[in-house]
Number of protein chains: 4
Amino acid sequence: MFIRFLTTGGTIDKIYFDQTSQFEVGESQVNHILTEGLANIDYDVLSMFRKDSLDLTDEDRQKLKEFIENDDAERYVISHGTDTMVETAEVLAAIPGKTMVLTGALSPARFKTTDAVFNVGMAVAAVQTVNPGVYLAISGQIFEAGNVRKNRDANRFERIS
Amino acid sequence: MFIRFLTTGGTIDKIYFDQTSQFEVGESQVNHILTEGLANIDYDVLSMFRKDSLDLTDEDRQKLKEFIENDDAERYVISHGTDTMVETAEVLAAIPGKTMVLTGALSPARFKTTDAVFNVGMAVAAVQTVNPGVYLAISGQIFEAGNVRKNRDANRFERIS
Amino acid sequence: MFIRFLTTGGTIDKIYFDQTSQFEVGESQVNHILTEGLANIDYDVLSMFRKDSLDLTDEDRQKLKEFIENDDAERYVISHGTDTMVETAEVLAAIPGKTMVLTGALSPARFKTTDAVFNVGMAVAAVQTVNPGVYLAISGQIFEAGNVRKNRDANRFERIS
Amino acid sequence: MFIRFLTTGGTIDKIYFDQTSQFEVGESQVNHILTEGLANIDYDVLSMFRKDSLDLTDEDRQKLKEFIENDDAERYVISHGTDTMVETAEVLAAIPGKTMVLTGALSPARFKTTDAVFNVGMAVAAVQTVNPGVYLAISGQIFEAGNVRKNRDANRFERIS
């Protein structure tokens, strides 16, 4: 069972550059998380974007959608910033017959305390067990695209209904 | 969707006591992992045993099975040592209508580098998405009870067929 | 032997706020580092500023100097941003009879990989062993004020002569 | 200023082997700690023993003493188990003209929460700042050989007088 990881940026991959006091999207932490998780799975990781999700455009989302439509994998885990994860999920929901799980983190994977490892673990399990469709793996839950929102005040994801 | 966590011991909860140079099963790390994972779920944690899984007896497994049969929850994540996780899964497979996911770790949760957080993330996702039955969440995969073994030489879990 | 810790901000205490995608100086990590280091010492921690060291003004440095001059402790560890640590050390060098060790980090203490813990360990040892004066504890070395510079290209501190 | 690190084993380097449920002295963590601490120093690391310090014999201590006496370095950091660190320090105290700092940890360096990084930071600072002699860097303090004991009940080191 092959899993293709697509990275788009977001908090999960943020790193701090002391020389410029800048905090930017760094190299993807997915490989590191899978290695530490002793995940014995068939996979690869492709970098699509390195952006805060607030900076992702409609064009970026179309590009991501077209990439998946024309790609030969059946299962995808997509790392993504949390601010527009819900919007990207809805765009991808138009793709039939594939299983796509978006995940990310509210705290960078490079932090001592982070939700990144737990969330990627959830996404890896979900992409192997759910029916084709688009899902979010975050806040300890597996949400279906179209039935989830980010509650910014509580800093978590919730079902709409 | 309520999840009951049952802890039985194993490497995942091991701690080192310098005063005695002893390495023993300590307090369960499940609560800590769920908190760090920002898991917004309805759950509780019950401690059943604090044993290396090689020390779990047939009687212990019966006790665990009877507890779940007579308990009112529908979904369980069971933390367990890896050496006999497969055997315990087969005993629990006789329970109908409930979803049980066993998980654990090859490296203690208190270590800097550990598969524990990733594995518990997988188990939490699986217990919410799979059909009733008994599963193992480890080595980056979700295995069904009866179709999995621990490959001790490679230090990982594999499908039998 | 009493040690007073003065915190002024800098990378060592940086934290990331997902809700605003902002990276700011958070609560001091000194207490946490001393606790984890099992430091059995007589100390307290006072917060002077919460600033990037590039934002510290001449007025701030005078305020810090006057605080120490009028304070009754004899030994100080001062956490500080790295960009102007050298300048602050030179201002404090005018204070006679007290031992002051500045330290900080090139990577935040909240990161999995950070020089913060090692550097605070160095500072705690130095403040107990050196003669009165002003020192920097960073880059694996103990530098005397006036004979150290930050090499920004190499991202480390060096002796001038 | 060259520093030679000698490793002898102890809790600081303990690792857990799941395959055998054994907890043993693993590879030295000193290199890893110095790299993470961004220590820009001239050093090397030599492995003398890989033992719990309760298993170190009088012969081992003589061997260590003779090695240092006949070696050309002037400054040593010696990683050591805590149970007999005091005894080894007293044996080494007979060596004139060299600076030797023993350090170790009450919790393994591979643990998420450990005093190892802080202690090695202290030792690296002390070995550069103190006069020739033998010292212990642990419990947040720099102790002189002959005036320190391990308080096993409180799990810390203390001055005798």
Scanning region C:85-132 residue by residue, those in contact (Cβ under 8 Å) with a residue 12 or more places away in the chain, under 21 Å from residue A:108 (Cβ atoms), more than 8 Å from chain D (Cβ to nearest Cβ) and outside any loop (DSSP other than H, G, I, E, B) turn out to be C:116
Give me the residue from region A:42-53 that is of a type outside the set (Ser, Thr, Tyr) and more than 14 Å from the chain's Cα centre (by Cα) and, out of that set, most open to solvent (accessible area, probe 1.4 Å). A:42
Which pairs do you get when a residue that is within 17 Å of residue A:155 (Cα to Cα), found in region B:30-52, comes within reach of a residue that is part of a strand (DSSP E or B) and of a type in the set (D, E, K, R), reach meaning Cβ atoms under 6 angstrom, with the pair 6+ apart or on two chains? B:40/A:156
Selection count where residues are away from every other protein chain (no Cβ under 14 Å) and touching a residue at least 24 places away in the same chain (Cβ under 8 Å), scope region C:61-78: 12
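Looking at this structure, is residue D:100 buried (at least 22 other Cβ atoms within 10 Å of the Cβ) and not basic (Lys, Arg)?
In short, yes.
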Filter region B:1-30 for residues that are open to solvent by 30 Å² or more (accessible area, probe 1.4 Å), modelled with pLDDT under 95 and either closer than 24 Å to residue B:68 by Cβ or within 14 Å of chain A (Cβ to nearest Cβ) (or both) and give the result. B:1, B:27, B:28
Over region C:138-161, the set of residues outside any loop (DSSP other than H, G, I, E, B), more than 10 Å from chain D (Cβ to nearest Cβ) and touching a residue at least 40 places away in the same chain (Cβ under 8 Å) is C:148, C:149, C:150
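The values are calculated or read from the model by the stated rules, or taken from the named source; none is laboratory data. All of these numbers come straight from a predicted model, not from anything done at the bench. Cβ atoms come from the backbone with ideal geometry, glycine included; neighbour counts cover every protein chain shown. Heads up: the accessible areas ignore ligands, DNA and RNA and are worked out on the full protein's heavy atoms, side chains in. Shrake-Rupley method; radii C 1.70, N 1.55, O 1.52, S 1.80 Å.
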